[in-house]
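Working notes for the structure below.
None of the figures in this text is laboratory data; all of them are computed from the coordinates on show. Treat the numbers as computed from the prediction; the structure is a model and nothing was measured. Don't worry about glycine lacking a Cβ; one is built from the backbone with ideal geometry, like all the others, and counts go over all protein chains shown.
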Amino acid sequence: QKEVEQDPGPLSVPEGAIVSLNCTYSNSAFQYFMWYRQYSRKGPELLMYTYSSGNKEDGRFTAQVDKSSKYISLFIRDSQPSDSATYLCAMSVEVYGNKLVFGAGTILRVKS
Amino acid sequence: ETGVTQSPTHLIKTRGQQVTLRCSSQSGHNTVSWYQQALGQGPQFIFQYYREEENGRGNFPPRFSGLQFPNYSSELNVNALELDDSALYLCASSLGQANGYTFGSGTRLTVV
């Protein structure tokens, strides 16, 4: 079993839809959680990060962490074609840790 | 200079050969990490360097080695290349050992 599981998709939605992306994990020691966006032929770009359980909102993006269920989510409101990319969840044990453990990534396609 | 730059962008090598990949960290960043991203997978942690010392290593064999230079630029060396080494190699830098990594666009290595 992988430490971090993520549905690879692809997930196809119409423009303006609310998108929900999810990851589950097995290591209860993870306490720092991130979402990255990766466009084709580019490196990952940090979108959101949260520490421990709770919600964090930034514009159209909301990240949720439920440590009791070992489940994290990223919601994208009013999705745009420019949001089409691969979304990677990542997590680490230490707040200032040196190893990020990534999910496999979910491919998102937003149709105009 | 801003951002993380990696060279070369693409590379084709023959099985058994050796390869060196290069990374210039974002200005002021003293920590660099290397990740391997196979097609359709999330990045896998190879190792991290902090102030020219290796500071953490993932589950990669010793034929994967690295260096960090006084100007915080870095190299990833892979000896005795295998077909499974074909992947996108990502460099990420940060200030200190925080999780706010900035990724480069990567080097696409193909082993034939």
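Worth a mention:
- Between A:Tyr51 and B:Ser73, the modelled labels are 3.5 nm apart [label points 7 Å from Cα along Cα→Cβ].
- Taking a point 7 Å out from the Cα of A:Asn22 in the direction of its Cβ, the residues of the range A:60-101 whose backbone N falls within less than 14 Å of it are A:64-67, A:69-75.
- Rounded to whole numbers, the Karplus 3J(HN,Hα) couplings from phi for the range A:64-71 are 10, 10, 10, 5, 5, 9, 6, 9 Hz, using 6.51 cos²θ - 1.76 cosθ + 1.60 with θ = phi - 60°, and x at Gly and Pro.
- Chain A, relative contact order [Cα under 8 Å, separation at least 6], %: 37
- What you get for the range A:31-83, charging only the Cβ of Lys and Arg (+1) and of Asp and Glu (-1), is a dipole of about 180 debye around the Cα centre.
- Averaged over B:35-47, number of beta-carbon atoms from partner chains that fall within 10 Å: 5
- Charging the Cβ of each Asp and Glu at -1 and of each Lys and Arg at +1, and nothing else, the dipole of chain A about its Cα centre rounds to 200 debye.
- Sorting the segments A:29-41, A:56-68, B:25-37 by their mean number of nearby beta carbons within 10 angstrom, highest to lowest, gives B:25-37, A:29-41, A:56-68.
- Karplus-based coupling profile of the range B:51-59, in residue order and whole Hz: 6, 6, 10, 5, 9, x, 9, x, 8, with θ = phi - 60° in 6.51 cos²θ - 1.76 cosθ + 1.60 and x standing for Gly or Pro.
- The range B:42-112: Rg to Rh, with Rh as the Kirkwood radius over Cα pairs: 0.95
- Projecting the Cα atoms of A:Ser26, A:Gln80, A:Val65 onto the charge dipole of chain A (Cβ charges, centred on the Cα centre) puts A:Gln80 farthest toward the positive pole.
- A:Ala17 long-range amide H proximity, modeled H, under 5 Å: A:Ser79
- Cα centroid of the range A:59-73 to Cα centroid of the range A:17-58, whole Å: 8
- This ranking places A:Ile72, B:Ile12, A:Ile107, B:Ile46 by how few other beta-carbon atoms lie within 10 Å of each, fewest first, which gives B:Ile12, A:Ile107, B:Ile46, A:Ile72.
- Sorted by Cβ density within 10 Å, fewest first, the residues B:Ser74, B:Ser65, A:Ser28: A:Ser28, B:Ser65, B:Ser74
- Nonlocal Lys pairs with alpha-carbon distance under 19 Å, the protein assembly as shown (8 or more apart, or different chains): 6
- Cβ neighbours within 10 Å from other chains - mean over A:30-42: 2
- Share of pairwise Cα separations in the range A:1-74, more than 20 Å, in percent: 34
- Charge dipole of the range B:8-112 (Cα centre as origin; +1 on each Lys and Arg Cβ, -1 on each Asp and Glu Cβ, all else neutral): 160 debye, rounded to the nearest 20.
- Taking amide hydrogens as placed 1.01 Å from N in the peptide plane, the amide H of B:Gln26 sits under 5 Å from those of B:Ser93, each at least 5 positions away in sequence or on another chain.
- Fewest-first ranking of A:Leu11, A:Leu21, using other Cβ atoms within 10 Å as the exposure measure: A:Leu11, A:Leu21
- Average Cα contact separation per residue, the range A:1-52, under 8 Å, 6 or more apart, as relative contact order %: 30
- Distance between modelled label sites at A:Ser69 and B:Asn59, nm, 7 Å Cα→Cβ extension: 2.8
- Value of relative contact order over chain B, rounded to a whole percent, pairs C-alpha under 8 Å and six or more apart: 37
- Of the three principal axes defined by the Cα atoms of the protein assembly as shown, the extents in descending order read 47, 39, 34 Å.
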